[in-house]
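Report on the following structure.
The values are calculated or read from the model by the stated rules, or taken from the named source; none is laboratory data. It should be emphasised that the depicted structure is a prediction, and the values quoted were computed from it without experimental measurement. In this analysis, Cβ positions are derived from the backbone assuming ideal geometry, glycine residues included, and neighbour counts consider all displayed protein chains. For the accessible areas, the whole protein counts, side chains as well, though only heavy atoms, and no ligand, DNA or RNA atoms are used. Shrake-Rupley method; radii C 1.70, N 1.55, O 1.52, S 1.80 Å.
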Amino acid sequence: MQRGMNFRLNAHYSVILMSLRANAPYSDRILDSGRILLYEGHDIPRLKDGPSPKSVDQPELTPSGGLTQNGLFHKAAQDFKSGKREAELVRVYEKIRAGIWTDNGLFRLTDSRREKSGGRSVFKFELELAEDAVLGNQHETVDLDHVRLIPSRVKAEVWKRDKGQCVTCGATDNLHFDHIIPFSKGGSSRSASNVQLLCERHNIAKRDKIE
């Protein structure tokens, strides 16, 4: 997946890629302990002999008059606000280092607007954590302990410390950031000492137990 914004990547949800790193190209923000995501729209492509993407307004329409990814997400948000449709489900992935992305869970696209930034117009999208989302005929419950409270800097530190593998079995795929002492039982998300990498199998087996 190369694009940062992917409207209706499949029949059930859209996908966006975000970054909170210091050198990120867009001003994405997380508010309310991770329940609210403010996502900045995307610039025009960088073209040879073309203007700097950061010097022109973010586009809503393509040169042929169709909707860009900005336009598709904006229309979905405005249609939801006017009661024309349900909120679009969006799966959010966050870049914590080069080539490493973490699944931040499912959000609902609830608002969008244009605002001035650096002398140009940019899109801002507001998404709210979907605590009990429905994908097709299946319910997907977002585990708040692992989605909304672990800061990006902690994820990056844990990934480096645990060498990108499950601390129990060494698996390198389907990894989850796990609270050693669950957040629901007072465990902190602000310190890497209380967060570890577990594969999906061992994360499900552990659940909210303290080991």
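Of note:
- Scope the range 43-56; condition touching a residue at least 60 places away in the same chain (Cβ under 8 Å) and open to solvent by less than 80 Å² (accessible area, probe 1.4 Å); matching residues: Ser55, Val56
- Considering the range 74-114, and only residues there that are out of contact with any strand residue (DSSP E or B) (no Cβ under 8 Å at 6 or more places or on another chain) and in contact (Cβ under 8 Å) with a residue 12 or more places away in the chain, the residue that is nearest to Asn10 (Cα to Cα) turns out to be Ile100.
- Considering residues of the range 172-192 that are surrounded by fewer than 16 Cβ atoms within 10 Å (Cβ to Cβ) and not β-branched (Val, Ile, Thr) only, the residue farthest from Leu20 (Cα to Cα): Lys185
- Residue check, Arg85 within 28 Å of Trp159 (Cα to Cα) and at pLDDT 90 or above: no
- Test for Arg46: is it over 27 Å from Ala22 (Cα atoms) and of a type outside the set (A, V, I, L, M, F, W, C): no
- Meets criteria (of a type in the set (Phe, Trp, Tyr), open to solvent by 20 Å² or more (accessible area, probe 1.4 Å) and either out of contact with any Lys or Arg (no Cβ under 8 Å at 6 or more places or on another chain) or more than 19 Å from Met18 (Cα to Cα) (or both)) for Phe125: no
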